[in-house]
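Laboratory data are not the source of any read-out in this text; all were calculated from the coordinates shown. Predicted, not measured: the structure shown is a model, and the values here were computed from it. Cβ coordinates were reconstructed from backbone atoms using ideal geometry, including for glycine residues, and neighbour counts include every protein chain displayed.
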Amino acid sequence: MNLFHSIRWRLQIWHGAVLLLVLTAFGFTAYQLAHENRFRMIDRELQKATDRLFKSFAPKEHPDKGKAPPDFSRSPGKPPSDFSKGPAEMLMSVDIPEPEDTYYAFLENGTILRASKNAPANIPPPQTFIEGASMRTRGELREQVLCKNPGTSLVIGRSVATDLADLHRLAWIMGLVGAAVTAFGLIGGWWIASGTIRPIKDISDTASKIAGGNLAERIKIPHAGNELGPLAQTLNATFDRLHTAYEQLRAALKRQTDFTADASHELRTPVSVILAETTSTLSRDRTGAEYKESMESIQRSARRMRQLTESLLALARLDSKHDSERVPCEVNVIAREVMESLRPLAEQHQVTLSHDLAPVQIRANPGQIGQVVENLLSNAIHYNHPGGSCRIRVALENGTPTLLVSDDGAGIVEQDLPQVFERFYRADKSRSQSNGGIGLGLAITKAIVEAHKGSISVSSQPGKGSTFTVRFAPEN
Ligand code: ADP
């Protein structure tokens, strides 16, 4: 992995560089200040030594013994006025106490006229003439040089070896502390960067698992207040939606496969009947009556196939959300027409029909609404017993256009109730088949009602009867 492509390493390198820069600048400034302070102190010491030295001259230069020696503190760095004029003999005669920490040397034209015992052997004169006092550093020596005129100078100095050693020690300590702080900063930075990167890694790991097919996997939400929390929540919500969509798709696919299998199965039966019937009839010569009987059987199978294909076509149209034309239609009028058309069937099953039809108008496809009424009412007749009754009611219930079809027939057992609207579901198989039912009537009814933004429900008591309730959207 390229270090410069890693966020963690880039953060780390940046933090390290900034920390090093800040610490170096701070250390350098602190060292410079310490250095300046120390040399300012040394220079003050040298100034005091100079003042003490000049006091040695005071009694001889001033015969009046009561007079105070010249006060150099008021004019620091200025030698006494007679100093430069003084001949070498005068210098020799003056009693100058030997200094302890400092040394001095009087120079004339580069020659040392007089020097303290601890003075170094080689003390060069100032390279350029600067009147008054100036400071210079020679190796481990610090010196104050006083000139009155070119050629004559006084040098007062001292060794700064211990001071320089102190400053070097200080530099080392600051370097070590700086290195420790840098290491601490880098470790802390690494720790924080790792903590920051971890949720991103979690997100990426989870996304990989999900991409690998584990759709139930979710990202751990980082601590509250973490900026990545909302991202993790949004991604989790997206994964939830994806998961749901995937499950719905899978369920739809399964339904589709089951549906195709059921449809094929339903078609296979009449086709098998036709094939068997024709094979058996054609196997030998038949009488006219036998041919007639055979043809009637084939016709029944063909009717069944037609019913099935028509139902499948109706469902396919409803599934494709193909919006049929909607016009204002009177539900009560449609209900009455369907009821009248089914009256012969009801009579055949010895079932009485009654109605309670209030005028209700909705915007709908009248053919499809007729189909809904027909499916429900024909079921109410088919799944009834001789002497039973069916009732159809159309009303506005709390402003909702409602259609109720009830019967006092066989009823539906509780565990079958949720499935009756499923395609090819038949609660009472033998009865349904003997009625010519294929298990698509209620599925088509539900699809039509939902296409009209309505709802359908059923309540039933086995042996007492069932009631199917269709509610259309009030704005329909
Ligand atoms: P089918 O063609 O079998 O009638 P439907 O979709 O119309 O198919 O009905 C599904 C199943 O619901 C039926 O097989 C039947 O068992 C049950 N069913 C429907 N209506 C009634 C009813 N009024 N009374 C009792 N059972 C019913």
Would you please state which residues of region 195-216 a label at residue 223 would reach in this model, taking the label point 7 Å out along Cα→Cβ and a backbone N cut-off of under 18 Å?
-> 195-203
log10 of Debye I(q)/I(0), alpha-carbon scatterers only, for region 1-56 at 0.15, 0.19, 0.31 Å⁻¹ | -0.64, -0.76, -1.04
Cβ charges +1 (Lys, Arg) and -1 (Asp, Glu), total dipole of the chain, debye = 880 debye
Between residue 234 and residue 45, the two model label points (7 Å from Cα along the beta-carbon direction) sit apart by a distance in nm of 6.9 nm
With a ≥ b ≥ c the root eigenvalues of the C-alpha gyration tensor of region 318-439, is it rounded (a/c under 1.5), prolate (a/b larger than b/c) or oblate?
-> oblate
Write down the percent of antiparallel bridges among all DSSP beta bridges whose residues are both part of the chain, to the nearest 5.
-> 90 percent
May I ask for the Rg/Rh ratio of region 250-292, computed from Cα atoms with Rh as the Kirkwood radius, given to two decimals?
-> 1.36
What ranking, highest mean first, results for peptides 406-414, 254-262, 371-379, 285-293 when packing means the other Cβ atoms within 10 Å averaged over each residue?
-> 371-379, 406-414, 254-262, 285-293
Going from the fewest other Cβ atoms within 10 Å to the most, one would list 429, 55 as 429, 55
Could you tally the net charge around residue 254, taking each other residue with its Cβ under 13 Å from the Cβ of residue 254, Lys/Arg +1 and Asp/Glu -1?
-> -1
Against the longest alpha carbon principal axis of the chain, how many degrees, from 0 to 90 and to the nearest 10, is the axis of helix 331-348 turned?
-> 50 degrees
Length-normalised contact order for region 316-370 - Cα pairs under 8 Å, 6+ apart - percent | 56 percent
All-pairs alpha carbon distance profile, the chain, 20 Å steps from 0, percent | 15, 22, 13, 11, 9, 9, 13, 6, 1
Find out how many positive minus negative residues lie around residue 422, taking Lys and Arg as positive, Asp and Glu as negative, among other residues whose Cβ is under 12 Å from that of residue 422.
-> +1
Using only Cα atoms, tell me the angle between helix 288-319 and the longest principal axis of the chain; keep it within 0 to 90° and round to the nearest 10.
-> 30 degrees
For the charge dipole of region 175-248, defined by +1 on Lys and Arg C-beta atoms and -1 on Asp and Glu C-beta atoms about the Cα centroid, which residue among 191, 237, 214 has the Cα displaced farthest towards the positive pole?
-> 191
Where does region 123-222 land on Rg(C-alpha)/(2.2 N^0.38 Å)?
-> 2.60
Evaluate E = 1/(1 + (r/R0)^6) for residue 303 and residue 398, where r is the Cβ-Cβ distance and R0 equals 51 Å; express this FRET efficiency to the nearest 0.05.
-> 0.75
Taking 0.36 nm per intervening residue step and subtracting the Cα-Cα distance, what contour gain separates residue 414 from residue 95 on full extension?
-> 101.6 nm
Listed residues 381, 259, 154: farthest to the positive end of the dipole of the chain (Cβ charges) = 154
Other residues with Cβ under 9 Å from the Cβ of residue 158 give, with Lys and Arg +1 and Asp and Glu -1, a net charge of -2
Please report the Cα spread of region 164-230 along all three principal axes, rounded to whole Å, starting with the longest.
-> 71, 25, 9
Theoretical ellipticity at 222 nm over the chain - DSSP helices of four or more residues, -39500 (n - 2.57) apiece, nearest 500 | -18500 deg cm²/dmol
Pick out, from 308, 368, 339, the residue whose Cα sits farthest towards the positive end of the charge dipole of region 301-385, with +1 on the Cβ of Lys and Arg and -1 on the Cβ of Asp and Glu.
-> 308
Acute angle (nearest 10 degrees) that the helix 7-55 long axis makes with the longest principal axis of the chain, alpha-carbon atoms | 20 degrees
For residue 209 and residue 190 in one chain, what is 0.36 nm times their gap in residues minus the Cα-Cα distance, to one decimal in nm?
-> 4.1 nm
Based on the Kirkwood radius over alpha-carbon pairs, what value in µm²/s does the Stokes-Einstein equation return for the translational diffusion coefficient of region 366-405 at 4 °C and 1.567 mPa s?
-> 115 µm²/s
